[in-house]
Amino acid sequence: MPPRPLPDLEETRAILASRRTRPAPRPPPPAGRGLSKLIRELDARFGQGPGALQARWREIVGEQIARRTEPVKLVKGRNGAGATLEIRVAGPAAALVQHQAPEILARVNLFLGTGAVERLRIVQGPLRPAPASAPQPPRKRDAPLDAAQEAELSQGLALAPDGPLKSALLALGRGVLRNAGRR
């Protein structure tokens, strides 16, 4: 059987005009649209968890408590009971945090929703270091001493040998004189 000859341009147009082509397949929907229902269900079932608390811990409990604590985990209660929040506390501050437990629970429940957390479990231990991304405020430079105070300080340390001890004593003396001037 000899090979069939290819159609010319006019025959190609006639074939394409008489036949319907298959429509292009639809692209898949965006992943967010498909997952949003599942995420809402999981959030309703399991809550936001400690990740949301860690991200905004300073806002929730305040600067003083946040310096000494960090949320570790959120344990879901059984039979629809409220969860237990486990927080790690640095050393002897645990006693202070224990006294502030009702206030901490109220603030956490304000963030997570009413009745989300019923108990607070305090565990003593070292805290993770603060992230380096938090900008530190620039240190304010202290004003220099006046010439008379500087001369008096230098005269008092004239007999001390030069070295790190003398420079540390000079720095200490300057700090004491500055603080005495503020009072």
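Figures for the structure shown
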| read-out | value |
| --- | --- |
| In region 77-104, residue surrounded by the fewest Cβ atoms within 10 Å (Cβ to Cβ) [restricted to those that are touching a Lys or Arg at 6+ places or on another chain (Cβ under 9 Å) and of a type in the set (D, E, K, R)] | GLU86 |
| Where a residue in region 101-122 is free of Cβ contacts under 8 Å to residues at least 24 places away in the same chain and outside the structural domain of ALA66 (by TED's automatic domain parsing) and its partner, wherever it lies, is crowded, with 17+ Cβ neighbours inside 10 Å and not in a strand (DSSP E or B), with Cβ under 8 Å and at least six apart | none |
| Matching option when the condition is in contact (Cβ under 8 Å) with a residue 12 or more places away in the chain and more than 25 Å from THR114 (Cβ to Cβ), among ALA52, ALA17, ALA81, ALA90 | ALA90 |
| Qualifying residues in region 12-60 (those that are in contact with a strand residue (DSSP E or B) (Cβ under 7 Å, 6 or more places away or on another chain) and modelled with pLDDT of 80 or more) - the one farthest from GLU103 (Cα to Cα) | GLN54 |
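The values are calculated or read from the model by the stated rules, or taken from the named source; none is laboratory data. Keep in mind that what you see is a predicted model, and the values were worked out from it rather than measured. Glycine gets a Cβ as well: all are built from the backbone with ideal geometry, and neighbour counts include every protein chain shown.
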